[in-house]
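What follows is calculated from the coordinates using simple rules that are stated; it is not laboratory data. Just so you know, these numbers come straight off a predicted model, no measurement behind them. A quick note on method: Cβ atoms are made from the backbone with ideal geometry, for glycine too, and the neighbour counts reach across all protein chains shown.
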């Protein structure tokens, strides 16, 4: 697998035992589910719905780990932590933007992976 | 072990799918069903699950859904024989302790290691069941032996009292 900046598919390759169809299935699920979670987090942040924002960030966390997006691990943890304590709304907004930007880069790389293994 | 019916109850579709695929590849004889809420799990109890792999939250998508912990409490109250393995993104010890106190057999943290850890929890569960089974067998044997010895002593006492022996 090529070297990518945002993603690391070592876990996914090991989990699927290099089965390309399986890998594509999980990557496609992530490409479908992650943008929904990011939009939900943005809406929840705008509404000050901290408890549900914490839950959404919490749900996104393992998905990022499965795609090996290590650079966002701390950011998503901070969102979960701050939302859980209903503090730093401005900081949370910035952190969500970081997750969105990072994920957008990851989406591009993941689509390239899909094209390659399809 | 061949007749296990496993419920995966998780509202995160990707994790649930990966868990289903992993368990299906490791245990091809198991019947595996996937549900996204505790309510749905409860509605399908006629499938007689033996193991439930249950997410701690369950209300990430449907905010009014019963949480995983509430589902665990409900399951253990109504179906104590079902073994529950809790799964959560939280690696906090107090959450794990709470789940085990409410009757969960084991607690697994969500993430790349969760699949192997769940498999290990299954193996631990099968060994635990084996020990319980052996223990029940020995208890039965112990009871039989005790009654036999009491019977022999009683017979000997009767024979001795009636002068047949001694």
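Altogether, the Stokes-Einstein calculation at 10 °C and 1.306 mPa s, with the Kirkwood radius of the range B:82-166 over Cα pairs as Rh, returns a diffusion coefficient of 94 µm²/s. Largest first, the extents of the alpha carbon coordinates of the protein assembly as shown on the three principal axes equal 99, 42, 31 Å.
At R0 = 45 Å, how high is the FRET efficiency between residue B:127 and residue A:36 if r is their beta carbon distance? Nearest 0.05 is fine. Between residue B:127 and residue A:36 the formula returns 0.65.
The spacing between the range A:28-44 and the range B:7-40, judged by their C-alpha centroids, is 22 Å.
Computed from the alpha carbon atoms alone, the convex hull of the range A:10-117 holds 81 Å³ per residue. Where the alpha-carbon atoms of the range B:60-130 are placed on the principal axes, they occupy 38, 32, 21 Å, in descending order.
Once the Cβ-Cβ distance of residue A:19 and residue B:42 is raised to the sixth power relative to R0 = 22 Å, the FRET efficiency obtained is 0.05. Above 28 Å, the calculated P(r) of chain B contains 34 percent of its Cα-Cα pairs. As an equivalent ellipsoid, the range B:51-101 spans semi-axes of 17, 15, 9 angstrom, where each value is the square root of five times an eigenvalue of the C-alpha gyration tensor, largest first. Take each residue of peptide A:56-62, count the partner chain Cβ atoms within 10 Å of its Cβ, and average: the result is 6. Per-residue packing, averaged as other Cβ atoms within 10 Å, sorts the ranges A:58-71, B:119-132 into the order A:58-71, B:119-132, beginning with the highest. Calculated on the alpha-carbon coordinates, the convex hull of the range A:5-53 measures out at 96 cubic angstrom per residue.
Annotation: the antiparallel percentage among DSSP beta bridges lying fully within the protein assembly as shown is about 0.
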